[in-house]
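See structure below.
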Ligand SMILES: Nc1ncnc2c1ncn2[C@@H]1O[C@H](COP(=O)(O)OP(=O)(O)OP(=O)(O)O)[C@@H](O)[C@H]1O
Ligand SMILES: [Mg+2]
């Protein structure tokens, strides 16, 4: 089983959108996939038309003793299940920062599923606190969406500083440009600068496209609702690049 966390310490960069599309494509390609929605707003859960609720809420997710399998829901797609978000996940940081042992709670929770799934995709929260450290410990790979803006550049610097200070392996971080507008010179310049400054950027860029925003209405992954769109082509390319990295783990 490989665990891939879609993570950024910045909000609104496309984490959930990516986690939903990637999970769908993995399952479609026959990979038994579980998507874990850590967001108290439960956006991934909403996209998959599932009711947000997990047994015992945040305590259930972070407990060693309570098995989580009763909380798992099927989706409309074969081979793709969901561990729904829950409003109580707003308390996750407090629960996960209680003591040193709490740093592996998410890792241990996810280990429960190693027989049932080939891939676990975590839709993370935009934080660099206790829940993020739990995500870093649980994940084999981090996939980081980056909008080519100055603020995202700074956030990316902070992430790499943090990962090296805490001695997490830098090689497990893959990034890609999200919401790209190639008409903007600043986007083009910043993409060049960032590719030269940070390791692990994938080739694929996801453009800023209305088809992606419409996921809120269709409540379907883009490659399911609109398989011949530019947006689907971009996500298919991203998935092709990522699938190779997942295989190599
Ligand atoms: N490539 C894109 N083109 C246009 N809109 C996009 C694109 N990617 C994401 N969006 C839109 O941007 C908004 C934020 O995306 P998303 O919810 O995936 O970000 P997030 O990083 O998960 O946010 P949060 O930090 O709040 O969890 C959503 O309305 C989504 O539809
Ligand atoms: Mg999100």
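Read-outs: derived from the displayed coordinates by stated rules, not from any lab. From a predicted model like this one, the values you see are computed outputs, not experimental measurements. FYI the Cβ positions are ideal-geometry reconstructions off the backbone, even for glycines, and counts take in every protein chain you see.
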Full extension between residue 91 and residue 181 adds, at 0.36 nm per residue less the Cα distance, a length in nm of 28.8 nm
Exposure proxy check on 118, 181: fewest-to-most Cβ neighbours within 10 Å is 181, 118
The extension gain from residue 118 to residue 72, computed as 0.36 nm times the residue separation minus the Cα-Cα distance, is 15.0 nm
Comparing 145, 221, 207 in a Gaussian network model of the chain (Cα, 10 Å), the one with the largest mean-square fluctuation is 207
Rounded to the nearest Å, the spacing of the alpha-carbon centers of region 90-124 and region 228-249 is 25
Highest GNM mean-square fluctuation among 238, 61, 163, for the chain with Cα springs under 10 Å, belongs to 163
Ranked from fewest to most other Cβ atoms within 10 Å of their own Cβ, 37, 93, 192 fall in the order 192, 93, 37
Listed with the fewest Cβ neighbours within 10 Å leading, 161, 205, 116 appear as 161, 116, 205
Most fluctuating of 121, 180, 146 in the GNM of the chain (C-alpha, under 10 Å) is 180
Protection proxy (average C-beta count within 10 Å per residue), highest first, orders 69-79, 25-35, 103-113 as 25-35, 103-113, 69-79
Per the helix-only model, the chain has a calculated mean residue ellipticity at 222 nm (DSSP H runs of ≥4, -39500 (n - 2.57) each, divided over all residues, rounded to the nearest 500) of -12000 deg cm²/dmol
